[in-house]
Structure formats: structure tokens, C-alpha cells
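Input: one structure, supplied below.
Please treat every number below as a calculation from the coordinates, not as lab data. Quantities reported herein were computed from a predicted structural model and do not represent experimental measurements. A quick note on method: Cβ atoms are made from the backbone with ideal geometry, for glycine too, and the neighbour counts reach across all protein chains shown.
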Amino acid sequence: GEGMDIDDAPDDMGDGDAPKVDLAEVNAVARSSAASWKQDCEQCLERLKQHPSSWAFLDAIPGRSMDLSTVQKNLESRAYATQDLFADDVRAVFTNTGEGGLDGDMARIAESVLKEFEQDWATLKTRWSTELRRVVP
């Protein structure tokens with residue numbers, strides 16, 4: 001007998017078991033989570049500013065490109081496309097880079113504040129990934 005030609009095969013072969021994803025729901029969650037991660041970042045920054053030693057990093061430090069006031073302005077002006085860009089700038093405030101590098105007591109204080117931030121950040125990242133997993137199988 002004649003075999004079936006490959007061109008005669010049904011177009012939808014092999015993908016019948018793929019989980020169905022409701023794109024409208026995914027997009028709605030993405031939109032609401034975009035708004036909520038910005039709010040989460042604002043709250044995270046406020047908690048960071050409550051740290052007893054964060055006062056040293058609130059305003060511009062000569063020779064350093066990033067401080068908490070600049071991070072807040074960037075957040076308010078929606079300069080961050082993603083939450084990770086926000087986190088990168090927060091880390092830049094407390095890391096020992098560039099000409100205005102931190103030393104001695106300032107380096108120890110920065111390390112302490114950064115440690116608090118990283119703990120808070122890890123909690124937020126876990127929550128965000130849990131929210132997304134609810135709608136994307």
C-alpha cells in the first residue's frame with residue numbers, strides 16, 4: 001500500500017498535551033504585578049531608610065554615583081523597567097566601587113545595611129515568583 005506523505009500529516013500533531021495558559025490572565029497578572037512590584041520596591045526602600053545607619057547613604061556622597069535619594073527619585077519617575085534594575089542601584093549605594101570607595105567604618109556600616117536589604121529582597125523575589133506560578137503552569 002501507499003504510505004502517508006509528510007505533507008498529509010495533521011498540523012496539530014504532538015501538541016495536544018501542552019498545558020493551556022490563559023494569556024489574558026497572564027497579562028492581567030503581569031500588569032498588576034508591574035504596579036505592585038513598584039509599590040513593593042518603594043516599601044522596601046522605606047524600610048531600608050529606617051535602618052539606623054542608612055542616614056549616611058541618603059544623600060549624594062562625593063565621588064559616588066548612587067545614593068538612596070537618587071534611587072527614590074528614579075523609582076518615583078518610573079526610571080526602572082524591572083525590579084532588578086532597582087536592586088542593582090540599591091546595591092551600588094552600598095558596594096565599594098569607584099573613586100569614592102567606602103573604607104573602614106563606612107564599609108562596615110554599608111555591609112550591615114546591604115545585608116538587611118538582601119534579606120528583604122529575597123523575601124520579595126520569593127513572593128513575586130509565587131504569584132506568577134499561580135497563573136503559569
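Under unit Cβ charges (Lys, Arg +1; Asp, Glu -1), what dipole magnitude, rounded to 20 debye, does the range 56-137 have relative to its Cα centre? It would help to have the intermediate numbers written out before the result.
Values: 10 positive and 14 negative charges, 98 e Å.
The calculated dipole for the range 56-137 is roughly 480 debye.
Hey, could you get me the Stokes-Einstein D for the range 42-137, Kirkwood radius over alpha-carbon pairs, 20 °C and 1.002 mPa s, rounded to whole µm² s⁻¹?
Calculated translational D: 151 µm²/s.
Of the cross-linked pairs Lys20/Lys125; Lys73/Lys115; Lys20/Lys49, which ones have a Cα-Cα span greater than 32 Å in the structure shown? Intermediate values should be presented prior to the final figure.
Details: Lys20/Lys125 25 Å; Lys73/Lys115 23 Å; Lys20/Lys49 44 Å.
Correct reply: Lys20/Lys49.
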